[in-house]
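The block underneath contains the structure these notes are about, expressed in structure tokens.
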Amino acid sequence: MNALDSLYQQVILDHAKSRHGDGPLEAADASHFERNPTCGDEITVRVRLEPGTDRIAELAWQGDGCSISMASASVLTDMAVGRTVPELLALTDAFRAMMRSRGAGEPDEDVLEDLIAFHGVSKFVMRVKCGMLAWVAAEAAVREATARP
């Protein structure tokens, strides 16, 4: 393992231990539950938008699962708050593309920021859903939140 891979692995472990955004969110505009039956991961993502906008004011989650899924949810919280829904959806698409790459190519660190740490995870097909679980739940929650009148 090279030094960069080791650093990325440490980012995942740090987020898995110090889980940003883990907890309830009162007055959420929407929530969505996802489960990965293969790994046993479960997560509910709740989102609150700034009133009258599509900007994410708060995002919180509650769940249990492997280090990859919990770390990914933690990074999601850090990256989602303050973004608009279209920005988060575009970021989710970029993350999904990287996770489906099977480790090929060089992902754009300027776009993915801390999510770049999950590039190595994309080499393990059975772990891709672990990394994507919170993002899929967030994607559904923000779509629901923006669809409400």
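The values are calculated or read from the model by the stated rules, or taken from the named source; none is laboratory data. Bear in mind that the values here come from a model prediction, so they are computed numbers and not experimental data. Using ideal geometry, Cβ is built from the backbone for each residue, glycine included, and neighbour counts are taken over all protein chains shown. Only protein heavy atoms, including side chains, enter the accessible area calculation; ligands, DNA and RNA are left aside. Shrake-Rupley method; radii C 1.70, N 1.55, O 1.52, S 1.80 Å.
Assorted remarks:
- Gain in span if fully extended, Arg19 to Asp54, counting 0.36 nm per residue against the direct Cα distance: 10.1 nm
- Surface composition of the chain: carbon and sulfur atoms hold 50% of the protein heavy-atom accessible area at a 1.4 Å probe.
- A convex hull fitted around the alpha carbon atoms of segment 42-95 yields 66 Å³ per residue.
- Note on Asp108 and Asp64: the model spin-label points, each 7 Å out from Cα along the C-beta direction, lie 3.9 nm apart.
- Using the 1.4 Å probe convention, the accessible area of the chain works out to 50 Å² per residue with neighbouring protein chains retained.
- The charge dipole of the chain, taken about the Cα centre with unit charges on the Cβ atoms of Lys, Arg (+1) and Asp, Glu (-1), comes to about 480 debye, rounded to the nearest 20.
- Once the Cβ-Cβ distance of Asp93 and Lys123 is raised to the sixth power relative to R0 = 22 Å, the FRET efficiency obtained is 0.65.
- Largest first, the residues His15, His32 sort by 1.4 Å accessible area into His32, His15.
- Cα pair distances exceeding 17 angstrom across segment 88-144, given as percent: 32
- A Stokes-Einstein calculation at 4 °C with viscosity 1.567 mPa s, built on the Kirkwood radius of segment 6-125 over Cα pairs, returns a diffusion coefficient of 87 µm²/s.
- Computed magnitude of the charge dipole of segment 32-115 (debye, nearest 20; Cβ of K, R +1, Cβ of D, E -1): 340
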